[in-house]
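Working notes, structure below.
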Amino acid sequence: VGTLPDFIDMMTATAQELGLTNTHFVNACSVHDDDHYTTATDLAKLAKYCMKNETFREIVKKTTYHIDPTNKYTQNRDLPTTNLFLSAARSAHHVYAPCTGIKTGTTDAAGHCLVSSANYNGMELLSVVLKANDWDVNAGAYSYTISRAMFDFGFNNYESGVLASPGTVVADSKVYEAKKDQRVTLTVENEITALIPKGKDISTEISMEVELPETIKAPIVKGDVLGEVVYKYKDTEIARAELLAANDVELNMVLHIFHIIIKFLTHPLFIIPVIL
């Protein structure tokens, strides 16, 4: 990107694009600065976004990293991760098998911070703990004790419920100028899931809102993105996904030409000369 300031500007711009409304960067290494800040909510959003990248996922779950000799250091080095959930080499007290990452961070002002992820029985959770007062790597590592408690609560009390699957008809719509008045059916590209309380039927409490343009026009090709579906639980959004066309819809060319002629005949630039 050219310069370090340019890179930092890109960091802040990307944060804004991701909806991190309470995040601002002034450096790339997290050295304390009053104008360099974020929140637990924003870090959770950022972690969720980053964990969609397979390369990132592979990096943050590594327990050690090997460095070959360099021109500055002649020995082989195997560096253990600072994440105690993953590192038995640093402390066996907090090793947590479901853990899949992510990042530790500590400054005098921020305290001990931990953004972590865990996957158990196919359900993945994120935890963000900031400003913990860790005083050792065992029982006194409170950022891990708190994170583990949140993971246990989530895995013990919630499960992943499927709201929609690819191929499932989520909605359908009339199509303007469609051949034979064909309608378009709408589905999702990937399975849409949300955390729901275990052992509780909340289907009547989940609402679905379909967001489509006022007019959907032919032709339509299967896979076209036509709108979004939003799922809410007690008026709180729990999932959102793009709606894709599940079928092709051909254009009724005769009807299309007819509408063009009508539009032309009713246009003021045509009507006024006729009247005159």
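Brief remarks follow.
- In segment 224-242, residue farthest from the chain's Cα centre (by Cα) [restricted to those that are acidic (Asp, Glu) and closer than 23 Å to GLY161 by Cα]: ASP235
- Residues (in contact with a Ser or Thr (Cβ under 7 Å, 6 or more places away or on another chain) and assigned to a loop (DSSP other than H, G, I, E, B)) located in segment 130-163: ASP134, VAL137, ASN138
- Taking segment 99-132 as the range and being open to solvent by 70 Å² or more (accessible area, probe 1.4 Å) and of a type in the set (Ser, Thr, Tyr) as the test, the residues that pass are THR106, TYR120.
- For the criterion of being open to solvent by 40 Å² or more (accessible area, probe 1.4 Å) and in contact with a Cys (Cβ under 6 Å, 6 or more places away or on another chain), PHE25 fails.
- Among the residues of segment 178-199, those that are open to solvent by 20 Å² or more (accessible area, probe 1.4 Å) and over 26 Å from the mean Cα position of the chain (by Cα) comprise LYS179, LYS180, ASP181, GLN182, ARG183, GLY199.
- ASP34 satisfies every condition listed in (1) closer than 26 Å to ASP152 by Cβ; (2) open to solvent by 80 Å² or more (accessible area, probe 1.4 Å) except (1).
- Restricting segment 133-144 to residues that are of a type in the set (A, V, I, L, M) and either modelled with pLDDT of 95 or more or under 23 Å from SER30 (Cβ atoms) (or both), the residue that is most open to solvent (accessible area, probe 1.4 Å) is VAL137.
- Every residue from segment 211-260 that is open to solvent by 30 Å² or more (accessible area, probe 1.4 Å), among the β-branched types (Val, Ile, Thr) and either part of a strand (DSSP E or B) or touching a Lys or Arg at 6+ places or on another chain (Cβ under 7 Å) (or both): VAL225, THR236, ILE238
- Residue match in segment 243-257 (condition: within 42 Å of the chain's Cα centre (by Cα) and of a type in the set (D, E, K, R)): yes
- Selected residue (criterion: modelled with the lowest pLDDT) from residues of segment 62-98 that are surrounded by fewer than 16 Cβ atoms within 10 Å (Cβ to Cβ) and of a type in the set (Lys, Arg): LYS72
- With respect to being over 29 Å from ILE8 (Cα atoms), assigned to a loop (DSSP other than H, G, I, E, B) and under 25 Å from the mean Cα position of the chain (by Cα), ALA97 fits the description.
- If you go through segment 145-177 and keep only what is among the charged types (D, E, K, R) and open to solvent by 70 Å² or more (accessible area, probe 1.4 Å), you end up with ARG148, GLU159, ASP172, LYS174.
- Residue match in segment 264-272 (condition: aromatic (Phe, Trp, Tyr), in contact with a helix residue (DSSP H, G or I) (Cβ under 8 Å, 6 or more places away or on another chain) and open to solvent by 90 Å² or more (accessible area, probe 1.4 Å)): yes
The values are calculated or read from the model by the stated rules, or taken from the named source; none is laboratory data. Bear in mind that the values here come from a model prediction, so they are computed numbers and not experimental data. Here the Cβ is made from the backbone with ideal geometry for all residues, glycine too, and neighbour counts use every protein chain on show. For accessibility, only protein heavy atoms count, side chains too; no ligands or nucleic acids. Shrake-Rupley method; radii C 1.70, N 1.55, O 1.52, S 1.80 Å.
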